1. Report, ordered by the first and then the second residue, all pairs with beta carbons closer than 8 Å, sequence separation of six or more or different chains, a first member in the range 115-126 that is under 14 Å from Lys95 (Cα atoms) and among the β-branched types (Val, Ile, Thr), and a second member that is open to solvent by less than 70 Å² (accessible area, probe 1.4 Å) and outside any helix (DSSP H, G or I).
2. Is the range 244-254 home to any residue that is assigned to a strand (DSSP E or B) and of a type in the set (A, V, I, L, M)?
3. Which residue pairs have Cβ atoms closer than 8 Å, lie 6 or more positions apart in sequence or on different chains, and pair a first residue in the range 9-26 that is free of Cβ contacts under 8 Å to residues at least 12 places away in the same chain and of a type outside the set (Lys, Arg) with a second residue that is surrounded by 14 or more Cβ atoms within 10 Å (Cβ to Cβ) and in a loop (DSSP other than H, G, I, E, B)?
4. Which one is most open to solvent (accessible area, probe 1.4 Å), of the residues in the range 156-194 that are part of a strand (DSSP E or B) and of a type outside the set (A, V, I, L, M, F, W, C)?
5. Within the range 38-65, how many residues are in a loop (DSSP other than H, G, I, E, B) and either open to solvent by less than 50 Å² (accessible area, probe 1.4 Å) or modelled with pLDDT of 95 or more (or both)?
6. Would a scan of the range 195-202 turn up a residue that is of a type in the set (Ser, Thr, Tyr), exposed (fewer than 15 other Cβ atoms within 10 Å of the Cβ), modelled with pLDDT of 90 or more and not in a loop (DSSP other than H, G, I, E, B)?
7. Please go through the range 203-227 and pick out each residue that is open to solvent by 30 Å² or more (accessible area, probe 1.4 Å) and under 13 Å from Thr80 (Cβ atoms).
Amino acid sequence: MNVALRNENEAVMNSLDVEIIKTMNGTFTREDLEREFINLSYNKVIIDITSIRNYFDENTLFNFLTYWEPSRVVLVLNNTEFCNNPDFLKKLVEKGFYNFTKNASGASFLVNRPNNLDDVRKFLEGATLYDSNNSNEITAEENYSVNRNKHQRIIGLQGLTNHAGATTLMYMMCKMLKTKKTVKGIEVGSKDSTYFKSEDIITSDSIEDLKIKVKTLYTLDVIIIDLNGVDGLDICDEILYLLEPGTVRLNKLLKSGQNISELSNRAKIVLTRSALKESDVAAFEYETKIKVFANVTDFNERLESSKTVNNLLVKLKL
């Protein structure tokens, strides 16, 4: 007797040749599992990966999966760069999740004859899953531009000065945009954003992982990325370079050797955590030779909206 979690992989899940005593439809969190599986006896749980809310965030995914003993999990993957990435498959095996497939026959087989480490050892060496849809083995080296949503906007945030507030600005931009658009924020190389406890923000640990996660979000209207020093020029439509205009941080930046004046002629410089009034910006530009795209003053991220962040969104035509 088995249970199934089903979402976008409906065709595969409906074709399972195993006995199912309970099916849950939709997307779920670990907290949902703790409510739904109390006192329920079952053999295996067959999980459509898209039924895991924010499954493309590694911490969320494995927090969800480790609710069960790994040997009881059969994971049904989809045909995306995220699931086809050899590094992702390697992590599954390293964490003890040996039973994964893309088709109904494979899932049904694994319920009755689970894999052992020898069966999946090849994935520790960079093997990929076979894609039965096109009879080609999947690799993660596809051109990033393939299937790009032409109507999507991807905005990167890059701090020029230390602690320029990129994570908080990303959070606020996402919170305000979600009232009229589909949006997701991604923080690269850090997990400060987890303290906001927002389902609209995920994390990424590398440029390769970032590219994969961006592609899984191709249906969204807007993606805001806190780049944290990562080069996002080939991912983002535009990058906002954040500069805190306080005297100490500004002078350190100007003495660092970076040509900020030249950068401001070809990129968007945004003042953040700024104490400058709009009437002061022109004088700031004259004194520093830095062209300013927007002046974002301090704001309260606990509020539902901010006038200064809204002005930035308007300038971005979002």
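1. Close Cβ pairs satisfying both conditions: Val120/Tyr98.
2. No, the range 244-254 contains no residue that is assigned to a strand (DSSP E or B) and of a type in the set (A, V, I, L, M).
3. Sorted first by the residue in the range 9-26, then by its partner, the list stays empty.
4. Gly159
5. The number of residues fulfilling the criteria is 6.
6. Yes: the range 195-202 contains one or more residues that are of a type in the set (Ser, Thr, Tyr), exposed (fewer than 15 other Cβ atoms within 10 Å of the Cβ), modelled with pLDDT of 90 or more and not in a loop (DSSP other than H, G, I, E, B).
7. Answer for the range 203-227, where residues must be open to solvent by 30 Å² or more (accessible area, probe 1.4 Å) and under 13 Å from Thr80 (Cβ atoms): Lys211, Lys215, Tyr218, Thr219.
For every residue, the table says whether it meets (1) more than 25 Å from Tyr55 (Cβ to Cβ); (2) of a type in the set (A, V, I, L, M).
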position: Lys180; (1), (2): yes, no
position: Glu187; (1), (2): no, no
position: Ile212; (1), (2): no, yes
position: Thr219; (1), (2): no, no
position: Gly232; (1), (2): no, no
position: Glu238; (1), (2): yes, no
position: Gly246; (1), (2): yes, no
position: Arg249; (1), (2): yes, no
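The values are calculated or read from the model by the stated rules, or taken from the named source; none is laboratory data. If you're wondering where the values come from, they're calculated on a predicted model, not measured in any experiment. All Cβ positions, glycine included, derive from the backbone under ideal geometry; neighbour counts span all protein chains shown. Surface accessibility is based on the protein's heavy atoms, side chains included, excluding ligands, DNA and RNA. Shrake-Rupley method; radii C 1.70, N 1.55, O 1.52, S 1.80 Å.
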